[in-house]
Structures are given as structure tokens and as C-alpha cells.
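Notes follow the structure.
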Amino acid sequence: MERELAPLYRTARLVIRDLVESDRSAHEDLFSRPDVLRYLYDDVMDATSLAAHFERRLSRGAPAEGQWRNLAVEHEGTFIGEVGLTLVSDTHRGYEVGYVLSPLYHGLGFATEATRGIIDAAFGDLGAHRVSARLDARNEASRHLLERLGLRLEAHHLSNEYVKGEWTDELVFAVLEDEWARDR
């Protein structure tokens with residue numbers, strides 16, 4: 001059965017929607033900040049790379065295996081970041097989520113709220129069986145976010161990724177469909 005990701009979600013305080021051309025400047029500002037990129041694979045990009053980065057995120061519909069679908073996170077009409085998901089395995093109905101918000105909005109619960117919204121969409125709209133999230137083990141804020149949402153730590157991979165000139169540890173968190181439904 002073909003499932004589709006809706007173009008718009010609302011949480012208590014946020015709108016999670018398709019990225020649009022008018023988000024370009026805010027997106028490029030967000031992804032040009034070294035503090036935002038600290039724990040991401042991307043490094044500081046030039047204008048051409050930032051434009052290509054944004055263009056790749058304009059996809060619509062449910063993500064194909066290995067492809068990310070990114071959505072804008074908006075608060076009171078202002079672009080404050082993005083959430084995304086990728087289909088890890090169609091056969092196993094596994095998805096992975098990701099999130100990045102402007103530091104101006106850290107500590108207000110917006111990242112937790114937006115990530116909860118995209119996980120709800122993965123289970124509700126896309127029929128996910130399992131949703132996971134991977135992160136740099138040094139990113140304590142992200143770890144706490146996933147723990148607040150009820151995802152469990154499933155793996156701590158030691159020195160498994162070479163990112164920006166250094167070996168880093170990676171944490172893998174996940175939640176199953178029945179666990180997510182039970183905890184809501």
C-alpha cells in the first residue's frame with residue numbers, strides 16, 4: 001500500500017510543512033552557522049553549496065529508501081529549523097528522523113515538539129514499524145531530546161565515523177510502533 005507524507009502538520013505551537021522558496025534565506029543562514037553544524041556531517045559551505053543543499057531539500061511526498069524528506073519548522077510564521085525523515089527499509093518499515101533548529105530557539109521545547117510531530121507522521125501516515133535516530137555521542141542536548149520522547153538507546157558505536165577530521169562515537173536511539181502508541 002502506497003503511503004504519503006502530508007504536506008502540513010500542526011503541533012501545539014508549531015507548523016511543520018513543506019520547504020518553500022521563501023525559506024531559502026533562513027535555511028542558508030541556519031546551515032552557515034558553525035555552531036549548528038558542529039555535530040552534523042556538513043561543514044561550513046560556500047554560497048553555491050548552500051544553494052544546492054537547499055535545493056535537495058525541496059522534495060515532496062514520502063521519502064524513497066535512502067532519501068531524506070525535510071520539512072520546515074515554523075513558529076508564529078517564522079522559519080526556525082527543519083525536521084526530516086528517511087526510509088531506511090521499505091521491507092522492514094524502518095524510518096530514521098533528524099532535526100536541526102536555530103540556536104535562537106533552543107531550550108524552549110520546540111525541537112522536542114517538532115520531532116514528536118515527525119515521529120507521529122512516520123507511524124501514522126507512513127506506517128512505520130520502527131523509527132530511529134542517530135547522533136554524535138557528544139551531542140548531549142540531542143540525546144536528552146530523544147530520551148524525553150521515550151526513544152531507547154540501542155547502540156553506542158565507538159569511534160565508528162570519521163567526521164570533519166576526527167573519529168567520533170555514534171549513538172542510535174529507536175522506538176517501535178506499539179511502544180510509541182502505548183506511551184501516547
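The values are calculated or read from the model by the stated rules, or taken from the named source; none is laboratory data. This is a predicted model, so every value here is computed, not measured. A quick note on method: Cβ atoms are made from the backbone with ideal geometry, for glycine too, and the neighbour counts reach across all protein chains shown.
Before moving on, here are some points about what is shown:
- Test: PHE110 is aromatic (Phe, Trp, Tyr), over 20 Å from SER22 (Cα atoms) and surrounded by fewer than 22 Cβ atoms within 10 Å (Cβ to Cβ): yes
- Answer from ALA64, ALA47 - the residue that is surrounded by 11 or more Cβ atoms within 10 Å (Cβ to Cβ) and free of Cβ contacts under 8 Å to residues at least 24 places away in the same chain: ALA64
- Residues of region 43-85 that are of a type in the set (D, E, K, R), under 16 Å from the mean Cα position of the chain (by Cα) and more than 18 Å from GLU96 (Cα to Cα): GLU74 alone.
- Being surrounded by 13 or more Cβ atoms within 10 Å (Cβ to Cβ) and closer than 24 Å to VAL175 by Cα holds for only one residue in ASP90, ASP29, ASP120, and it is ASP120.
- Check on SER132, within 22 Å of VAL73 (Cα to Cα) and either at pLDDT 95 or above or not small (Gly, Ala, Ser) (or both): yes
- In region 77-101, the residues that are among the charged types (D, E, K, R) and either within 23 Å of GLY150 (Cβ to Cβ) or touching a residue at least 60 places away in the same chain (Cβ under 8 Å) (or both): GLU82, ARG93, GLU96
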